[in-house]
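Everything below concerns the one structure shown next.
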Amino acid sequence: MDSLGLLADGLGAALTPENLMYAAIGVLLGTFVGVLPGIGPAMAVALLLPVTFGLEPTQAFIMFAGIYYGGMYGGSTTSILLNTPGESSSVMTAIEGNKMAKKGRAAQALATAAIGSFIAGTIGTLLVVFFAPILADVAVTIGAPSFFAIIVFAMVLVTSLLGDSRLRGFISLFLGLTFGLVGMDLNTGQPRLAFGRPELGNPLDIVIVAVGIFALGEALWVAAHLRRKPLEIIPVGQPWMGKDDWGRSWKPWLRGTAIGFPFGAIPAGGAETPTFLSYILERKLAKKTDEFGQGAIEGVAGPEAANNASAAGTFVPLLAMGIPVTATSAVMLAALTSYGIQPGPQLMTDQSDLVWTLLASLLIGNALLLVLNLPLAPLWAKLLAIPRPYLYSGILFFASLGAYAASQRAFDIFLLLVFGLVGFMMRRFALPVLPLIIGVILGPLMETRFREALAISGGDLDALWSENLAIVLYVLAVLVIVVPMLMKRLRPSSGDDVPGGPGGTSDDGSDAVETTDDEKELVQR
Amino acid sequence: MSSRSTTTRCVAGLVLAMVGMFATGCGVTRGEPSKDMTMLIPNAPGGGYDQTGRAAVAAMEAQDITGGTFEVHNIIGAGGTVAFSQLMRSDDEHTILTVGLGVVGSSYSFGLDEKLQDATPLAQLIEDQEGVLVPASSPYKTIDDFLEDWKKNPDTIAVGGGSSPGGPDHLFPMQLAKAVGIEPREVRYVAYDGGGPLTSALLGKKIKVGFSGLGEFEGQIKEGELRVLAVSGEKRLEGDLFSKFPTLKESGVDLVFTNWRGVLAPPGISEKRRDELIAYLEEMHASPEWQESLKNNKWIDEFKTGDEFEAFLEEQSTRVDDTMKELGL
């Protein structure tokens, strides 16, 4: 295949000391902007786009790629350190990542995120290089029915995350699904659960919900207990990943990449579903299941890789068909056109040199991100050494700033506080947080796809299994339910190593709530 | 370009970006006599209103028309009604808002008491046509092929557009259906979230026909993956590629449908200020920068101001209300 030769030419054109400097500036800027909660890569790219104007296309691309990857990584950094995800696709990272940070393993979490992003981004970009035209044709045939089936499959898997108390798990899940209903109904244009407020006319921003419930809820909880309990000191820990960390990370990186890339390549696949699937997969496969929910490195490595692979995958529809499928790629499209690239089916042949330069730039930006950020990981981790009261007030400040910065509405700060209160109450009543977040993310996706499929068929339910992929997924979903039940029948004396299907509970009720001890103490009072 | 100048520019850009971040993050207090203005945009960066609003601001700043600078705010929510409501509550003579047909539709859906003409209409800036799109393999070669089939089976042919009910891509097929004698309620319309998902639905043959502005589809049309059966305007579009497509009128359908965008000021500003603002926009319209933006974005130059624009808004909102009522929405 001569793709490799063309890519080498692209790399040759892109690799000059001056260009590397632009890449470095881009990565740093992107990271700094991405670190602000509420500012995800789309916003980071949009904010910093003007910086690249006036540069030659090659330099601009390189800087742009740096900003893009920097912005994504910045979002993960805050997820891990402060429990304030910058965008919906790093919500899953916060769950295990922040637990790791609390145990003094922030540097390892940041490192596995950085390396996982690098590996996934590189493999993803190479896949784009070789397969974009072929994949594009296949990807459009995947329609609403298949997508709906994917989410049904994901929902079946959710049951294993509900925690000790099924009842509490379902309460949390349905709360999430209800929050997911807020906003304008796409099919009729009518507002739902908006209480007459036009501000609630759009779906709730997942970032605000997640930051409110994770960060604010926790800050309130800690504040409410400050006087009663001495503060635990966060241990400083090792600065680098140990041998064990490497051994536990590399498989999740690759699996995350494999899950994430196809979702990026499907138009409107998104990055949330793959990060979520990767998290569940790692949780199922993990040897030390009890560590999940308490800071398992696999739960950071997998979703981070899935997120980045999905981001690379979005270049398939973008470059091969000219279809932007995420907010970030819509901003990218605008940026590309301003450099004279007209994305579309003819792009790969008409302007191949620019495309190869762009792809080479992505590889360089990705590599530089790793080089610059890996040494920084232990430094970032020191942030947590700030005394707790200051740390949490800092988190409150940045969370509010982020909520406001995303769309500059005071109402969003109000929403953030409401969800902070919800998060506090959930901790008080020991409701697991994870099912709620999943409900908010998957509920609207599921509804949109379900209604799209039915709108096309005119309400005929047969449409739901009109695609082969959909049928395969339904069969898988049934197997996931039935096989563990059968296994139990066949091996009545089965030990703890049977993965917890919907029938069994192998999990320890672990979830984003880490305050179970406080909880018991409180209940005893 | 010497490397020194690129570096300087780069540093300047950096500083600007940082200043911009702080400005948007913290808000800027503004002296009352100042000539600085705020442009509100009712949707996200990168969307249609954003492109038009920012192009107008860029042209005014380039020509230094207002004597001050502009701050652009994207106020996202409820199909533009959040931004519109904010304008209606404002009495700031320095604030203007970009609006369009979509905002008329969503202000109906959200049951707003105020209509767009209740603000101070300043000017319509541009017009955009809708097109009727089919995938390359579609049996429909002409608009007649499609309409004939559609009239026979309006309730089984899935059509789609990039906007939810009340938006231009939804209003157009409904008005088209009515014009050819189909009951709009029977139309099987699938709402997609913008041009991207609509394109993949068309290319993946999930729907038979798509309705949308053509700008986003230029690549696919040029490549022959999508075919345009008709455009909705009074006259054909310009340009080598787009001028080939017949209007509905040429094809014997009595319907002209256009999407448009314009600018409003808050209600109750002084007559003098209104005239001043209109004069700014007139000057902006004549600037080479604006003419360049029109060309690049393939917008049709349809400029009207003041009372004429107000009358147009009234006519538009009646038309939208009628269509939506007919659909029972």
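No lab work stands behind these numbers, since they all come straight from the coordinates. Quick caveat: nothing in here was measured; it's all calculated off a predicted structure. All Cβ positions, even for glycine, are placed from backbone atoms using ideal geometry, and neighbour counts span all protein chains on display.
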Label points 7 Å out from Cα along the Cβ direction at residue A:379 and residue A:466: separation in nm? 5.6
Straight-line reach check, residue B:272, cutoff 19 Å on alpha carbons, 8 or more apart in-chain or any other chain, hits among aspartates and glutamates -> B:32, B:36, B:91, B:92, B:93, B:118, B:282, B:283, B:307, B:308, B:310
So for R0 = 30 Å, FRET eff. of residue A:386-residue A:413 from the Cβ-Cβ r, to 0.05, ends up at 0.80
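Roughly speaking, what is the stretch gain from residue B:276 to residue B:311, that is 0.36 nm per residue apart minus the C-alpha to C-alpha distance, in nm to one decimal? Please report the intermediate quantities before stating the final value.
Working: separation 35, 0.36 × 35 = 12.60 nm, distance 1.99 nm.
Gain on extension, residue B:276 to residue B:311, equals 10.6 nm.
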Can you give the Rg and Dmax of the range A:58-124 based on its C-alpha atoms, in angstrom? 12.7, 43
Inter-label distance, nm, simple model (7 Å from Cα along the C-beta direction), residue B:137/residue B:223: 1.6
For chain B, calculated [θ]222 nm from helices alone, where every DSSP H run of n ≥ 4 adds -39500 (n - 2.57): -13500 deg cm²/dmol
Please figure out what share of the DSSP beta bridges in chain B is antiparallel and state it in percent, rounded to the nearest 5. 60
Cα-based reach from residue B:151 at 13 Å (exclusive), listing aspartates and glutamates while leaving out same-chain residues under 8 positions away: B:183, B:186
Cross-link table B:235/B:298; B:208/B:295; B:35/B:295, entries beyond 22 Å C-alpha to C-alpha: B:208/B:295; B:35/B:295
State log₁₀ I(q)/I(0) for chain B at q = 0.06, 0.12, 0.14 Å⁻¹ as given by the Debye formula over alpha-carbon point scatterers of equal weight, solvent excluded. -0.23, -0.87, -1.12
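For residue B:234 and residue B:155, calculate 0.36 nm times their separation in residues minus their Cα-Cα distance, and state this gained length in nm to one decimal.
Taking residue B:234 through residue B:155 to full extension adds about 25.6 nm, to one decimal.
To check you understand DSSP bridge types, tell me what percent of the beta bridges within the range B:129-258 (both residues inside) are antiparallel, rounded to 5.
55
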Give the order of B:270, A:466 when sorted by the count of other beta carbons within 10 angstrom, beginning with the fewest. B:270, A:466
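Can you figure out the FRET efficiency of residue B:301 with residue B:254, using R₀ = 30 Å and their beta-carbon distance, to the nearest 0.05? The partial results should precede the final answer.
On the way: r = 25 Å, r/R0 = 0.83.
With R0 = 30 Å, the Cβ-Cβ based efficiency is 0.75.
By count of other Cβ within 10 Å, fewest leading, how are A:428, A:449 ordered? Numbers along the way, then the final one.
Values: A:428 16, A:449 22.
Fewest-to-most Cβ neighbours within 10 Å comes out as A:428, A:449.
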Would you look at the GNM of chain B, springs on alpha carbons closer than 10 Å, and say which of B:56, B:78, B:265 moves the most? B:78
In which sequence would A:388, A:192 go, from the one with the fewest C-beta neighbours within 10 Å to the one with the most? A:192, A:388
Once amide hydrogens are built 1.01 Å from N within the peptide plane, the residues lying 5 or more places from residue B:304 or on another chain with amide H under 5 Å from its amide H are B:124
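Only Lys, Arg, Asp and Glu count, each charged at its Cβ (+1, +1, -1, -1), so figure out the dipole size of the range B:129-258 about its Cα centre, rounded to 20 debye. Could the numbers behind the result be given before it?
On the way: 15 positive and 19 negative charges, 50 e Å.
Here the size comes out at about 240 debye.
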Qualifying lysines (Cα of each under 29 Å from Cα of residue A:99; at least 8 residues distant if same chain): A:229, A:243, A:251, A:284, A:287, A:288, A:382, A:520
Residue A:490-residue A:195 pseudo-label distance in nm [points 7 Å out on the Cα-to-Cβ vector]: 5.3
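Need the full-extension length gain, residue A:284 to residue A:240, defined as separation in residues times 0.36 nm minus the C-alpha distance. One decimal, nm.
Working: separation 44, 0.36 × 44 = 15.84 nm, distance 2.64 nm.
The residue A:284-residue A:240 span can extend by a further 13.2 nm.
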Bin width 5 Å, alpha-carbon pairs only: give the P(r) of the range B:129-258 as whole percents, running from 0 to the bin holding the largest distance. 2, 12, 24, 27, 23, 11, 2, 0
Determine one quarter of the surface area of the Cα convex hull of the range A:365-448, which equals its mean projected area, and express it in nm² to one decimal. 9.0
Most fluctuating residue of B:213, B:167, B:77 in a GNM of chain B with Cα springs under 10 Å: which is it? B:77
At 15 Å minimum axial length over the Cα atoms and a Kyte-Doolittle cut of 1.6, report the qualifying DSSP H helices in chain B, or say none. none
Neighbour-limited loop hits for trypsin sites (Lys or Arg not before Pro), the range A:77-183 (at most 12 other Cβ within 10 Å; DSSP other than H, G, I, E, B): none
